[in-house]
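The values are calculated or read from the model by the stated rules, or taken from the named source; none is laboratory data. Nothing here was measured: the structure is a model prediction, and the numbers come from that model. Positions of Cβ are backbone-derived with ideal geometry, glycine not excepted, and every protein chain shown enters the neighbour counts. The protein model used for the area step is the full one, side chains on, heavy atoms only, and it has no ligands, DNA or RNA in it. Shrake-Rupley method; radii C 1.70, N 1.55, O 1.52, S 1.80 Å.
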Amino acid sequence: MQILTQYIRDLSFENAVAQKGLPSGEVQPEISVQVSLDARKRPAEHQYEVISKFRVQSTNSKDKSPIFLCELDYGGIFHVEGVPEDQLHPFLMIECPRMMFPYVRRIVSDMTRDGGFPPFNMDPVDFVALYRQEIARRMQAQRPADQPLS
């Protein structure tokens, strides 16, 4: 595998505190991180584009009022050869995002800091578990409603 390029496809940061003012009472931030992945073949031979989408949202746990929202779509173009066809999809959805994650983490940290908050350093993402969850979700969606789980 060779990383040909990495890039920010889309980035937004919303500071709800600056827009609406400080919440009344005590603030206890609660942060949630949502991750989704997408991969597709590019026209060039052995090239694939992988997009990692991160949604980092902070709310006040007392009243669920928003504090900030950071959304990042981060892409990479990879040259991949020698991976068997049946292992290509997991490779693209696990190894490629793992290679890009340190850059994503840094961008999110910088955005939260530049947005007026302490830098948020995301915990490492278990892309293997994420991949397994998505496969299980797809299998569940394909299972007929009257068929029991095995």
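Less than 16 Å from a label point 7 Å out along the Cα-to-Cβ axis of ALA18: which backbone N atoms in region 54-92 qualify, by residue? Only 58, 67-71 fall inside the zone, counting backbone N under 16 Å. Cross-link partners of LYS64 among lysines, defined as those whose alpha carbon lies under 20 angstrom from its own and excluding same-chain residues fewer than eight positions apart: LYS20. Helix 96-114 and the longest principal axis of the Cα set of the chain meet at an angle near 10°. The lysines within cross-link reach of LYS41, meaning a Cα-to-Cα straight distance under 20 Å and a gap of 8 or more places when in the same chain, are LYS53. Applying 1/(1 + (r/R0)^6) with R0 = 41 Å to the Cβ-Cβ distance of GLN87 and ILE31 gives a FRET efficiency near 0.75.
For the pair region 104-146 and region 1-80, the centres of their Cα atoms are 9 angstrom apart.
For ASP123 and GLN2, the difference between the fully extended length at 0.36 nm per residue and the C-alpha to C-alpha distance is 41.0 nm. A 1.4 Å probe run over the chain, with the rest of the protein chains in place, finds 63 Å² accessible per residue.
If you take the beta carbon distance between ARG138 and HIS46 as r and set R0 to 30 Å, what does 1/(1 + (r/R0)^6) give as a FRET efficiency, to the nearest 0.05? With R0 = 30 Å, the Cβ-Cβ based efficiency is 0.70.
Return the calculated 222 nm mean residue ellipticity for the chain, to the nearest 500 deg cm²/dmol, obtained by summing -39500 (n - 2.57) across DSSP H runs with n ≥ 4 and dividing by the residue count. Here the helix-only value at 222 nm equals -9500 deg cm²/dmol. Among SER61, SER109, SER52, the residue with the largest mean-square fluctuation in a Gaussian network model of the chain, with springs joining Cα atoms closer than 10 Å, is SER61.
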